[in-house]
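The values are calculated or read from the model by the stated rules, or taken from the named source; none is laboratory data. Everything quoted here is computed from the prediction, not taken from an experiment. Please note: Cβ atoms are built from the backbone with ideal geometry, for glycine as well, and neighbour counts cover all protein chains shown. With ligands, DNA and RNA removed, areas are computed over all heavy atoms of the protein, side chains included. Shrake-Rupley method; radii C 1.70, N 1.55, O 1.52, S 1.80 Å.
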Amino acid sequence: MQSPRDARFEPIPKERYTSRAFAELEWERLWPRVWLLAGRASDVPEPGDYLTFELGPDSILVVRQRDGSLAARHNVCMHRGNRLRPPGRGHAERFACSFHGWQYELDGALRCALDPESFPQGLPPERLRLQPVRCEIWAGFVFVCMDPDAEPLLDYLGVVPEQLAPYRFEEWSIAQDVTLEVPCNWKASVDAFNEAYHIAATHAWTLEFSDDVNTRYDCYERHTRMIFPEAQPSPRHPGHGTVTPLLEAFFLKRFGIDPDGIRTVAEARAAIADAVRKQGPALGCDFSGLDESQLNDDWHYTVFPNLTLNIHAQFTWVFTHRPHPDDPNRMFFDFVNLVRAPALAIPRPEHEHLRVEDGASLAHIPGGNVVDEDMGNLPKVQAGMRSRGFRGLHLGTQEVRIRHFHETLMGYLGEEATRG
């Protein structure tokens, strides 16, 4: 079918996903200038607790200070460049370099260096303290930014904090924590979760209880939102408009609702919302600030450039899509499952690091089989993008969030970077 040429729907060049030169521009013009999710404040509760955030060639220490505040520093000794701490979480009264023993206080100040008299140039304290990184918190999420002149985090997030305030993310706990190493570009992974157009093919079995057709897409200054209806069958499914067996099994029975008294989808959704609200006191939380859609549906946010939030009333999947330091055809997919149950003692799980090529699966996480289906696509997408027979992404209106993402990306990189 032919249609008039519209510049808004020009193909997205594949080189943005495959070119090393394009990836270098991202390292130069994007990653140092944006706010990035580094972790959860609950992972560093006491003075001296720290976590590391790994992004390509950079490693950043996020440290709970003695006054209770959080601060971030580059995780590198100022003597000869040795990494001070390996990736992960831990506790330290001070940071000592394993190479020559230089020691740093929690606030980054150089505490001591071996044989200071052997440095005729001296040991200037300001030049030799661990280099600072901007660090701010929103809703229990810790963000860092390597640009000292960047706007405050709340300004960067725009409408997101106000829209998500009713969820009270400060009180949520980590239930699962997994990193998958995936043979694809980080943007291909972001794209995979930025539209419902793929549901009918990739997750066809879910059409019995989710509505890919009536999905709402919203684009803001940098970030985007998708409200994906659940607990209602898709118009593509023969059970559309009815209470299907999977809707009954995955939603009604899960919340202890007697399906015999439910005749319509509208009644099912109202009953689910009521059941969730009634579970609040036992979980130690108040769901009264959430409307019926928020109690049933997936409120899905992409915070530019690489944070995905799949938000439900009682659980939220947090994805971060981190680039590989050297290869634009690889990335790290961080999956954190948050649950809202502050009255329950939920033990912090150990972090898992897996590789898709080794057959890694998230099936041990409730609903993780759906993400496995997405992960099954991504290596094939990346391989296809490298083909001489493929020129670029041909996007439709249901993929508006992907196009908006690229418009925002090119605003950072400059249009001269279009073809990488």
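Run a plain Debye calculation on the range 36-81 (Cα atoms as equal point scatterers, no solvent) and give log10 I(q)/I(0) at q = 0.22, 0.31, 0.33 Å⁻¹, rounded to two decimals, same order as the q list.
-0.75, -1.13, -1.20
Going by a ≥ b ≥ c, the root eigenvalues of the Cα gyration tensor, does the range 219-279 fall in the rounded group (a/c under 1.5), the prolate group (a/b larger than b/c) or the oblate group?
On the way: a/c = 2.86, a/b = 1.49, b/c = 1.92.
Because a/c hits 1.5 or more and a/b fails to exceed b/c, the range 219-279 counts as oblate.
Relative contact order of the range 317-397, please, whole-number percent, based on alpha carbon pairs below 8 angstrom and at least 6 residues apart. Before the final figure, lay out each step's value.
Values: 45 pairs, mean separation 12.8, N = 81.
The normalised contact order for the range 317-397 reaches 16 percent.
If I compute solvent accessible area with a 1.4 Å probe over the protein chains, what percent of it on the chain is carbon and sulfur? Don't skip to the end; give the middle numbers.
Details: 9850 of 18890 Å².
Reported share for carbon and sulfur atoms: 52 percent.
For each cysteine in the chain, check whether another cysteine's C-beta sits under 4.7 Å from its C-beta; list those where none does.
Singleton cysteines: 112, 135, 145, 184, 219, 285.
Report the extension gain between residue 221 and residue 28 in nm, rounded to one decimal, defined as 0.36 nm multiplied by the number of residues separating them, less their alpha carbon distance. Spell out each step's value before the answer.
Details: separation 193, 0.36 × 193 = 69.48 nm, distance 2.19 nm.
Here the answer is 67.3 nm.
So what is the relative contact order for the chain, in percent, with contacts set as C-alpha pairs under 8 Å and at least six apart? Don't skip to the end; give the middle numbers.
On the way: 799 pairs, mean separation 88.5, N = 420.
Taking the mean separation of contacting Cα pairs over the length of the chain, I get 21 percent.
So how many Lys-Lys pairs in the chain land under 30 Å Cα to Cα, not counting same-chain pairs under 8 apart?
Details: 14/187; 14/380; 187/380; 253/278.
Lysine pair count for the chain: 4.
Please report the spacing between the Cα centers of the range 295-364 and the range 129-158 in Å, no decimals.
21 Å
What ranking do 206-212, 218-224, 235-241 get when scored by the average of other Cβ atoms within 10 Å per residue, highest first? Walk me through the numbers on the way to the answer.
Working: 206-212: 22.6, 218-224: 18.0, 235-241: 14.7.
With the highest mean Cβ count within 10 Å placed first, the list reads 206-212, 218-224, 235-241.
Return the Rg/Rh value of the range 155-263, two decimal places, where both radii are evaluated on C-alpha atoms and Rh is the Kirkwood radius.
Numbers: Rg = 17.2 Å, Rh = 16.8 Å.
Rounded to two decimals, Rg/Rh equals 1.02.
Write down the Å³ per residue value for the convex hull defined by the alpha carbon atoms of the chain.
Values: hull volume 68.6 nm³, N = 420.
Roughly 163 Å³ of hull volume per residue.
Could you tell me the calculated FRET efficiency between residue 205 and residue 255, based on Cβ-Cβ distance and R0 = 22 angstrom, to the nearest 0.05? Intermediate results must be reported in sequence, preceding the final value.
Numbers: r = 21 Å, r/R0 = 0.95.
Computed FRET efficiency for residue 205 and residue 255: 0.60.
Only four residue types carry charge here, +1 at the Cβ of Lys and Arg and -1 at the Cβ of Asp and Glu. Report the dipole size of the chain about the Cα centre in Debye, rounded to the nearest 20. Before the final figure, lay out each step's value.
Values: 44 positive and 60 negative charges, 143 e Å.
Dipole size: approximately 680 debye.
Nearest 500 deg cm²/dmol is fine: what mean residue ellipticity at 222 nm does the chain get from its DSSP H runs of n ≥ 4 alone, each adding -39,500 (n - 2.57), divided by its residue count? Provide the component values of the computation, followed by the final result.
Working: 11 runs with 91 residues, N = 420.
Rounded to the nearest 500, it is -6000 deg cm²/dmol.
Rolling a 1.4 angstrom probe over the protein heavy atoms, how many square angstrom per residue are accessible across the chain? Please report the intermediate quantities before stating the final value.
Numbers: 18890 Å² over 420 residues.
Accessible area per residue, the chain: 45 Å².
Could you rank 407, 352, 26 by how accessible they are, 1.4 Å probe, largest area first?
407, 352, 26
Relative contact order of the range 283-365: what whole-number percent is it, with Cα pairs under 8 angstrom and at least 6 residues apart?
Relative contact order, the range 283-365: 24 percent.
Could you tell me how many degrees, from 0 to 90 and to the nearest 10, lie between the Cα long axis of helix 265-283 and the main elongation axis, the longest principal axis, of the Cα atoms of the chain?
The angle comes out at about 40 degrees.
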